[in-house]
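To keep things clear, I will list the structure first and then write my remarks on it.
The values are calculated or read from the model by the stated rules, or taken from the named source; none is laboratory data. Everything quoted here is computed from the prediction, not taken from an experiment. Cβ sites come from the backbone with ideal geometry, for glycine too, and all protein chains shown count toward neighbours. Remember, those area values only see protein heavy atoms, side chains included, never the ligands or the DNA or RNA. Shrake-Rupley method; radii C 1.70, N 1.55, O 1.52, S 1.80 Å.
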Amino acid sequence: MKIAVLVKEVPDAAVEKRLDPASKRIDRSGEKNLNPFDTHALEAAVQLKEGGAPVEEIVAVTMGPDSSVRTLHKAVSLGANRSIQLTDDALAGSDVNATGYALAKVLESEAPDLVLLGQQSDDGENYTIGAVVADHLQFPSLTQVVDLKLEGNTLTMKRQAEYGYDTVEVDLPAVISVGDALNEPRYPSLKDIMGAKKKPLDTKSAADVGIDAGQVGEAGSKTEVLAINPPPAKEAGELIEDADADVDATVARIVSFLEERKLI
Amino acid sequence: MAGIIVYVLGKDGEFNKNSLGAISKAAQLAGEIGGEASAVVVGESFDDAKLAELGKYGAAKVYKVTGPEGVAQPVVDAIEKIATENDIKYALFGGGLLGFEIGAGLTARLNWGVTAEATGIRAEGGKLIVERPVLQDSAIVDVAYKGDGGVIVSRLNAFEPNDSIGAAGEVVDTPVEFKEHSLRAKLVARGVQEGADVNIEDADVIIAGGRGLGEAANFSLADDLAASLGGTVAATRAVVDAGWFPYAGQIGQTGKTVAPKLYLALGISGAIQHKVGMQASENIVAINKDPNAPIFEFSDLGVVGDLHSIAPKLTEAIKAKKGA
Ligand SMILES: Cc1cc2nc3c(=O)[nH]c(=O)nc-3n(C[C@H](O)[C@H](O)[C@H](O)COP(=O)(O)OP(=O)(O)OC[C@H]3O[C@@H](n4cnc5c(N)ncnc54)[C@H](O)[C@@H]3O)c2cc1C
């Protein structure tokens, strides 16, 4: 079987994220990294293979600018056998709908048995791309999976929804987004990191995978940001900055706070 | 005329409060854009009389679809059919995991734009504009839809239900031919309550524990502190998924919504999905060793430090104070 793992380049967690007032998009300049949530999807793929599933290939797929090659190298160091980068100026500014469509076009040509992705991107706070991709591929789909077993062609999965934990069974092919409680991603060895650059990396344009240019990029997106506004003003709280320096003083302050608010 | 359809989630004969809030919001907006609000329910949990009650919250019509419950893709098929046949231009979801999944699938199916985490919606010139916070609520963007229509997935507790908007809704039996792939995900068990039954919704004082506790056994720090204050212990999803704490004690998006007099967090980062379940608390205190933890953005008292040294001494100090 073939597993495709969708990965994304995001601004490094340490970089303060902001919106670019001109383009009204997230300013993605500065240090970038593989979306940490995606490492759980890669780990899930590797564990399926190590667990004895007949996995011939794990393919990492991304859509992103030139710099996203580094993200693919990272994905390969974490267990993918090869990678595909969809990159094209026409794709810049794609919204969720357009991005999901474009990724589905790449996947169509790969015909994977299982598509895995992380529960969310570190920068976008959407949890939706998997279900968009699945509808285009006409695959069943489930998100936020925290337990996953493959027996034969059937995946049995557990995830938390509004009323508690649900167990769902799906016959492959399927698109599954995994929660961060599913596994503990491993660290790549130096050898894996060095070797990653030598593994095959295909670069594809929108035309290569038959993407309708009218459906992607800023022009093809179906949402438009009209304005960026500050959140409602809120009174700043008090912060004890170096609380460990004098724990007794810290504790005294917390207690007096609780007393002031009549909580003890 | 442009209608708004709301997916209504429910279990054990009760509708989800967030679905009801979404209907009430849709009814208000539909009035402003010259259309009608409707609801769609898939499954067999509700009889016609119960379904008609959705009319009180603002649903003029209630589309009743027989099909599998608790999975998203059959609902995508249902809404595609209903929207196409009834001039419906917007689909609104009151948050919830299925809401995200159905909304996303519908986006692809109908080629509509999607906005997640909506906290406000307004009508302008016959169209809807969505307000959604981004980047950990540091900014709010106004989003408009281009093209035919739009999907809106709202944030938990964004809209309040109002049961005095209308009379009984018209229940419309709606047969749907499901796609083959939509029927492939099979729900084996639904809503299993892993762990003990704890009640956090009625507590005045909540001590909430997160991954920063380090391991399940360290929940004793939260227990001790809660005992000293006469409070109850709650948790984040991260530790519930890890099996450290019962699901019934989870706060947030897929857990409970609480509003105690005191909410005190031990080792919780303050992710949006947690925040939506506790931001109405009267007093918020957080102990976290990371000065950049988002929780400090909405704490009344933030403590940047190690909970392992602070929590036990705090418990002792409160006991001493109370004994005095
Ligand atoms: C669709 C969806 C639904 C979700 N639903 C929910 C939900 O209902 N409820 C929920 O809670 N989450 C939910 N989440 C998950 C949420 O995004 C976060 O992952 C989760 O809330 C994080 O939990 P946490 O704060 O315990 O862990 P972390 O984010 O890992 O934070 C741990 C914190 O502990 C601090 N820490 C570590 N050691 C110490 C120490 N010694 N002393 C002090 N501080 C320390 C760290 O600095 C860190 O800030 C959902 C996510 C998604 C995508």
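Counting only protein heavy atoms and a 1.4 Å probe, region B:19-155 has 27 square angstrom of accessible area per residue. Among the residues of B:186-199, the average count of other protein chain beta-carbon atoms within 10 Å of the residue beta-carbon is 4.
Ordering B:201-207, A:127-133, B:214-220, B:113-119 by mean Cβ neighbour count within 10 Å, with the highest value first, yields A:127-133, B:113-119, B:201-207, B:214-220. Using the Stokes-Einstein relation with a Kirkwood hydrodynamic radius computed over Cα pairs, the translational diffusion coefficient of region B:203-298 at 10 °C and a viscosity of 1.306 mPa s comes to 124 µm²/s. Partner shielding of B:106-118 amounts to 6, given as the average count of beta-carbon atoms from other chains within 10 Å of each residue beta-carbon. Computed in the context of the full set of protein chains, the accessible area of region B:179-324 at 1.4 Å probe radius has 49% of its extent on carbon or sulfur. I'd like the residues of region B:51-78 whose 1.4 Å-probe accessible area shrinks by no less than 20 Å² going from the isolated chain to the full set of protein chains. Buried by the other chains: B:Q73. At an R0 of 35 angstrom, the distance between the Cβ atoms of B:A217 and B:K322 translates into a FRET efficiency of 0.85. Convex hull of alpha carbon positions in the protein assembly as shown: directionally averaged projected area 26.4 nm². Hey, what D do you get for region B:123-172 in µm²/s if you plug the Kirkwood alpha-carbon radius into Stokes-Einstein at 20 °C and 1.002 mPa s? So the translational diffusion coefficient is about 153 µm²/s. Our helix-only sum for chain B, with -39,500 (n - 2.57) per DSSP H run of n ≥ 4 divided by its residues, gives a mean residue ellipticity at 222 nm of -8000 deg cm²/dmol. The packing ranking, built from the mean of other Cβ atoms within 10 Å per residue, places the peptides A:239-250, A:70-81, A:148-159 in the order A:70-81, A:148-159, A:239-250, highest first.
For peptide A:113-119, the mean count of partner chain Cβ atoms within 10 Å of a residue's Cβ comes to 0. Using equal-weight Cα scatterers in the Debye expression, the normalised intensity of region B:1-115 in log10 at q = 0.09, 0.10, 0.21 Å⁻¹ is -0.19, -0.24, -1.17.
Can you compute log10 of I(q)/I(0) for region B:254-324 with the Debye formula, treating each Cα as one identical point scatterer, at q = 0.14 Å⁻¹? Log10 of I(q)/I(0), two decimals: -0.46. When both bridge partners sit in chain B, DSSP labels roughly 20% of those beta bridges antiparallel. Positive-end ranking of B:G120, B:T84, B:L229 along the dipole of chain B, with charges on Cβ about the Cα centre, is headed by B:L229. For region A:1-45, what % of the accessible area comes from carbon and sulfur atoms, probe 1.4 Å? Its accessible area is 49 percent carbon and sulfur atoms.
Within the accessible area of region A:50-95, the carbon and sulfur atoms contribute 50%, probe 1.4 Å, all protein chains present. Taking all protein chains together and rolling a 1.4 Å probe, A:S141 ends up with roughly 10 Å² accessible. Rounded to the nearest 20 debye, the dipole magnitude of region A:123-233 is 560 debye, with +1 charges on Lys and Arg beta carbons, -1 on Asp and Glu beta carbons, and the Cα centre as origin.
One compactness figure for chain B is 1.10, namely its Cα radius of gyration divided by 2.2 N^0.38 Å.
Interface residues of region A:161-206, defined as those losing at least 50 Å² of solvent-accessible heavy-atom surface relative to the isolated chain (probe radius 1.4 Å), are listed as A:E162, A:Y163, A:Y165, A:D166, A:T167, A:E169. Projecting label points 7 angstrom from Cα along Cα→Cβ for B:E201 and A:T156 puts them 3.2 nm apart. Here the contact order of region A:22-120, divided by its residue count and restricted to Cα pairs under 8 Å and six or more residues apart, works out to 33 percent. With the highest mean first, a sort of the peptides B:273-280, A:86-93 on other beta-carbon atoms found within 10 angstrom per residue produces B:273-280, A:86-93.
Under the criterion of Cα pairs below 8 Å and six or more residues apart, the relative contact order for chain A equals 23 percent.
Positive end of the dipole of the protein assembly as shown (Cβ unit charges, origin at the Cα centre): among B:V42, B:Q28, B:A185, the Cα lying farthest that way belongs to B:A185. Using just its DSSP H runs of length 4 or more, each adding -39500 (n - 2.57), chain A gives a mean residue ellipticity at 222 nm of -8000 deg cm²/dmol after division by all residues.
When Rg and Dmax are taken over the Cα atoms of chain A, they come to 21.5, 67 Å. When +1 charges are put on Lys and Arg Cβ atoms and -1 charges on Asp and Glu Cβ atoms, the dipole computed for the protein assembly as shown relative to its Cα centre reaches about 420 debye.
With a Förster radius of 41 Å applied to the C-beta separation of A:E108 and A:D244, the computed FRET efficiency comes to 0.15.
In region A:209-237, burial by the other protein chains removes 50 Å² or more of accessible area from A:K222, A:T223, A:E224, A:L226, A:N229, A:P231, A:K234, compared with the chain on its own (1.4 Å probe, ligands and nucleic acids ignored). At a probe radius of 1.4 Å, figure out the A/B buried accessible area, summed over both chains, and give it in Å² to the nearest 100. Between A and B, the summed buried area is about 7200 Å².
A probe of 1.4 angstrom, applied to the heavy atoms of all protein chains, finds B:E44 with accessible area near 140 square angstrom.
The charge dipole of region B:30-87, taken about the Cα centre with unit charges on the Cβ atoms of Lys, Arg (+1) and Asp, Glu (-1), comes to about 120 debye, rounded to the nearest 20. For B:K61, give me every one of the lysines with a C-alpha distance below 28 angstrom, ignoring sequence neighbours fewer than eight places off in its own chain. Leaving aside lysines fewer than 8 places away in the same chain, those within reach of B:K61 are A:K222, B:K11, B:K17, B:K25, B:K50, B:K81, B:K89, B:K127, B:K146, B:K179.
Taken per residue, the accessible surface of chain A reaches 44 Å², heavy atoms only and a 1.4 Å probe. Assign one of three labels to region A:210-259, namely rounded, prolate or oblate, based on the Cα gyration tensor with a ≥ b ≥ c the square roots of its eigenvalues; rounded applies when a/c is under 1.5, prolate when it is not and a/b is larger than b/c, and oblate otherwise. It comes out prolate by the Cα gyration axes. Among B:W244, B:W112, the sequence by solvent-accessible area, most first, with a 1.4 Å probe is B:W244, B:W112.
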